1. Using the Cα atoms of region 5-83 to build a convex hull, what is its mean projected area in square nanometres?
2. Over all pairs of distinct alpha carbons, what does the Kirkwood formula give as the hydrodynamic radius of the chain, in Å?
3. Among G142, I540, G78, pick out the residue whose Cα is farthest towards the positive end of the charge dipole of the chain, where Lys and Arg carry +1 and Asp and Glu carry -1 on C-beta, about the Cα centre.
4. List the residues whose amide H sits under 5 Å from the amide H of A328, counting only those 5 or more places along or on another chain, with H placed 1.01 Å from N in the peptide plane.
5. Just read off the accessible area of I80 with the full protein assembly in place, 1.4 Å probe, to the nearest 10 Å².
6. Please label the shape of region 147-187 as rounded, prolate or oblate, based on the square roots a ≥ b ≥ c of the eigenvalues of the alpha-carbon gyration tensor (a/c under 1.5 means rounded; beyond that, a/b larger than b/c means prolate, else oblate).
7. Checking the cross-link filter: which lysines have an alpha carbon closer than 29 Å to that of K294, excluding same-chain neighbours under 8 positions apart?
8. With unit charges on the beta carbon (Lys/Arg positive, Asp/Glu negative), name the residue among P240, I226, F105 whose Cα is farthest towards the positive pole of the charge dipole of the chain.
Amino acid sequence: MKQNLSSFWKPLLSLLFGVAIAVFWAVPYVGGLCFQEQYQMFLFDTDYFLERIMLPGGLADYLSEFLVQFYYMPAVGGIIIALLLVGIQWTVWILMRQYGAKHDFPGYLLSFVPSIALWCAMGDQHVLLSFVVALLGALAMGWIHNRFHNRLVIVVFELVSTALVYWLLGPVVFVYAALMMGDVLMRGKRRGNLPTALGYAAAILTLTIAWILLTTQTLQYPLYRIFSGLNYYRFPGIVPKVLLVVMVLAVVVPFLGMAPIGFHSSALQKLQQSKLVMAVSYILVIVASVFGIKVSFDKLTYELIDYDFLVRTEQWNKIIEKAEKEPATTPLGVSCVNLALSQTGQLADRLFEFYQNGGEGLFPTFTRDMTSPVSTAEIFYRLGMVNDAERYMFEAQEAIPNYRKSSRLTRRIAECELINGNYKVAAKLLRRLEKTLFYRDWANRTMALLGNEKAINRHPIYGKLRKYREKKQDFLYSDREMDQMLGLLFLNDKTNKMAYEYLMCYELLQRDFNKFMQYYPLGRFVGYDHIPRSFQEILIGNWMKTHSDPRTIPYSVDAQTVNNTLNFIQIYMQNPKDPQLSQQPYVSNAWYYMMVRSAEDAAKKKEGMTEVY
């Protein structure tokens with residue numbers, strides 16, 4: 001009966017562990033899955049396979065990219081990670097049994113430790129799945145090695161497998177070597193021939209290092225990268241210590257199951273059989289795991305990843321809901337919120353209901369990395385600034401540290417080339433996407449548009465952007481004169497409502513009242529059914545600077561907006577630091593940003609300045 005119970009609860013715990021992993025990645029951290037998917041392009045192509053397999057760890061790299069492409073479907077991505085981590089946990093447990101573990105507790109509990117540590121390590125968004133695949137492969141090879149008993153077979157297997165494991169899986173071969181060395185030492189101890197076993201173990205380590213050095217003679221890589229992995233981490237020059245910790249745990253934990261062997265005290269046996277001790281131990285591990293995972297996944301980093309994911313999937317209402325719960329404070333996050341407001345027709349009405357940080361809240365300053373230009377490029381693309389969208393996407397793709405290409409970015413670049421009529425370049429990019437799994441159908445459909453001017457002009461997106469885009473050949477983009485860029489964009493096509501709203505909001509966020517009043521009359525071309533609330537508040541305040549009677553305001557303004565704005569101005573004039581100003585409806589009034597926030601920003605700037613003599 002006890003045996004049946006044991007065979008039941010162990011798979012159940014592994015299953016629950018896998019479900020927790022799958023739900024974690026597919027629900028709260030779905031953005032992290034799509035982040036990994038969008039910075040690679042797996043091609044069903046022979047040359048692509050050969051390019052991967054010709055480097056150490058190439059098979060693990062190839063298999064991981066094959067799996068990561070399925071992150072396009074987040075539920076499948078979560079299941080894939082769950083299967084890999086549970087596979088590592090179960091393999092560690094099997095190794096523990098091979099090395100002599102006699103008790104399910106605490107042995108089975110300890111078998112979860114390497115997988116939990118790896119889960120924490122994956123909180124670094126640049127840790128690649130190739131490390132997970134390689135580690136599982138190395139542990140599996142250790143299990144296979146331990147199943148042989150013929151000495152000659154073992155020696156031949158070790159000679160061949162050590163080289164293969166390094167070339168196919170990479171430096172996790174040291175995990176495999178350590179498992180072999182442990183097995184040799186254990187057998188030597190049982191046979192009473194420990195000195196010989198020590199010499200054999202040293203020979204295994206020497207063989208491993210020799211194989212690595214011999215097989216990498218022609219590779220032009222620094223030695224530290226040869227021994228730390230070419231494809232485990234997205235940044236080539238960095239060796240994360242957390243991956244080394246995981247590797248050490250994957251070696252040490254399988255041998256911990258031997259600890260109770262040789263102890264026969266009745267107290268220890270009772271402790272191992274105590275259900276209370278078992279329950280408390282599992283609870284402590286769960287609490288420690290939750291804390292470790294929470295600490296490992298940086299909140300700000302994944303907030304930006306989530307915003308980019310929501311922009312990519314055009315979940316505009318979710319972006320707004322997210323910002324309502326917790327305001328975005330970074331330029332990238334604020335720009336995504338403003339884009340969502342624009343796409344839902346709420347930007348000019350609700351601009352100041354959300355945190356704003358100047359013009360960067362619409363167009364973040366360009367940074368030469370693989371993440372920040374992407375969301376900004378999406379803004380440019382929807383505005384009709386097609387060339388600038390393509391340039392930002394291209395810069396982001398070229399900034400990917402491990403020199404991979406991106407399916408998402410390549411798709412957007414191809415669309416920009418299509419809109420601009422550069423069909424040969426677009427065709428080249430589309431042919432590459434035709435070799436992918438999840439972008440193939442789109443590439444085939446888009447390929448049919450090449451050269452078909454009528455079809456492109458009728459397209460609901462490409463046709464509209466063709467009308468919006470700047471067509472002059474000598475046009476120069478300047479991120480320091482965004483209002484002029486937006487003004488030219490709007491004058492090029494006065495149906496471009498987004499360009500007009502971004503122009504007006506840009507002037508408001510820059511606190512440039514003169515340009516706002518200068519450009520405001522252009523709104524007659526947009527076809528508003530009412531004056532947006534943020535515009536009303538500015539118009540009312542400007543009018544009351546020179547007039548005393550609000551009834552003379554020559555605009556169609558809402559009576560409640562007039563009252564709120566006049567009350568704000570009155571309170572501010574009496575006491576600029578009145579606590580009422582930080583409450584609704586005053587805190588979301590445009591004049592709060594113009595006056596209160598302006599004073600706060602000036603004070604912060606003054607505090608940050610240092611005098612130079």
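1. Working: hull surface 26.2 nm².
With the hull built on Cα positions only, its mean projection is 6.6 nm².
2. Numbers: mean 1/r = 0.0351 Å⁻¹.
Evaluated on the chain, it is 28.5 Å.
3. G142
4. Y355
5. The accessible area comes out at roughly 20 Å².
6. On the way: a/c = 3.18, a/b = 1.43, b/c = 2.23.
Here region 147-187 falls in the oblate category.
7. By straight Cα distance, K294 reaches K10, K241, K275, K318, K322, K325.
8. Going by the Cα projections, it comes out as F105.
The values are calculated or read from the model by the stated rules, or taken from the named source; none is laboratory data. This is a predicted model, so every value here is computed, not measured. With ideal geometry, Cβ positions are generated from the backbone for all residues, glycine too; neighbour counts draw on all protein chains shown. Accessible surface areas use protein heavy atoms only, side chains included; no ligands, DNA or RNA. Shrake-Rupley method; radii C 1.70, N 1.55, O 1.52, S 1.80 Å.
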